[in-house]
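The structure appears below as structure tokens.
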Amino acid sequence: MAPEAGPPPNHHAHFPHFAGIGGLLAALTFTVGRGEDADLAAELTGLGPGDDVVDIGCGPGVAARRAAARGAASVVGVDPAAVMLRVARLRRRSGVRYVEGAAEALPLPDDSATVAWSLATVHHWDDVDRGLAEVRRVLRPGGRFLVLERQVRPGATGHASHGWTPEQAETFAERAEAAGLGAATVGRHGTRGGRRPVLSVLARVD
């Protein structure tokens with residue numbers, strides 16, 4: 001079915017890539033407090049031994065390393081920011097490799113993954129439909145695709161707007177289905193420590 005019109009789920013598509021000293025500081029900051037989202041992603045996708053994982057927008061590699069620790073057969077972290085990948089590679093872990101790239105042009109072969117996820121990064125994608133087509137290309141039949149985004153208030157600005165409203169999550173789910181990623185479900189998850197709830201979109205390739 002054709003996706004319905006709605007608020008763009010990549011509303012920060014033109015946010016500048018992380019680079020320089022500011023990018024380095026951001027990368028170091030992102031190494032803290034990201035484990036809860038990584039664990040939620042592993043739970044929702046049913047991650048287990050034998051899975052081949054692609055972490056799209058991996059940043060400093062927190063979720064990629066958690067996937068490897070849970071027994072994934074292989075993990076590839078993809079990020080467009082070289083500074084993020086440099087920080088990720090400082091914490092080496094067997095079974096994880098990092099490559100520079102973007103959601104719209106994943107540097108991976110067809111049918112090479114069983115799990116793909118993008119945690120708090122889809123709102124920065126340049127082109128959602130191209131990114132979804134790439135996810136469909138790299139996922140094998142039965143593969144799972146998950147997106148997590150922090151829930152934000154409609155009309156929020158600045159840093160508070162980096163995430164999704166529930167309506168944006170529904171829009172993304174419709175576009176994932178239109179891209180052939182199977183039926184997509186939207187969920188809402190509480191977090192610890194007073195952090196904003198997390199919205200999820202989960203799809204499974206037929």
- Note on the structure: Checked pairs for segment 35-58, first at positive phi and in contact (Cβ under 8 Å) with a residue 12 or more places away in the chain, second of a type in the set (Lys, Arg) and open to solvent by 20 Å² or more (accessible area, probe 1.4 Å), C-beta under 9 Å and 6 or more apart or across chains, list as GLY46/ARG144
- Task: Could you list, in sequence order, all residues of segment 135-163 that are within 18 Å of GLY46 (Cα to Cα) and open to solvent by 10 Å² or more (accessible area, probe 1.4 Å)?
- Result: ARG140, PRO141, GLY142, ARG144
- Query: Hey, THR121 hits all of (1) hydroxyl-bearing (Ser, Thr, Tyr); (2) within 27 Å of GLY158 (Cα to Cα); (3) open to solvent by 50 Å² or more (accessible area, probe 1.4 Å) but one; which does it fall short on?
  - Reply: (3)
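If only one of ALA72, ALA81, ALA2 is open to solvent by less than 20 Å² (accessible area, probe 1.4 Å), more than 19 Å from LEU199 (Cβ to Cβ) and at pLDDT below 95, which one is it?
ALA81
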- With respect to THR165, determine if the residue is among the β-branched types (Val, Ile, Thr) and at pLDDT below 95. no
- Task: Consider only pairs whose beta carbons are under 8 Å apart and that are at least six residues apart or on different chains; among these, list those whose first residue lies in segment 170-184 and is β-branched (Val, Ile, Thr) and whose second residue is open to solvent by 50 Å² or more (accessible area, probe 1.4 Å) and not in a helix (DSSP H, G or I).
- Result: THR171/PRO3; THR171/GLU4; THR171/PRO8
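The values are calculated or read from the model by the stated rules, or taken from the named source; none is laboratory data. All of these numbers come straight from a predicted model, not from anything done at the bench. Backbone-built Cβ (ideal geometry, glycine too); neighbour counts: all protein chains shown. These area figures cover heavy atoms from the full protein model, side chains too; ligands, DNA and RNA do not enter into them. Shrake-Rupley method; radii C 1.70, N 1.55, O 1.52, S 1.80 Å.
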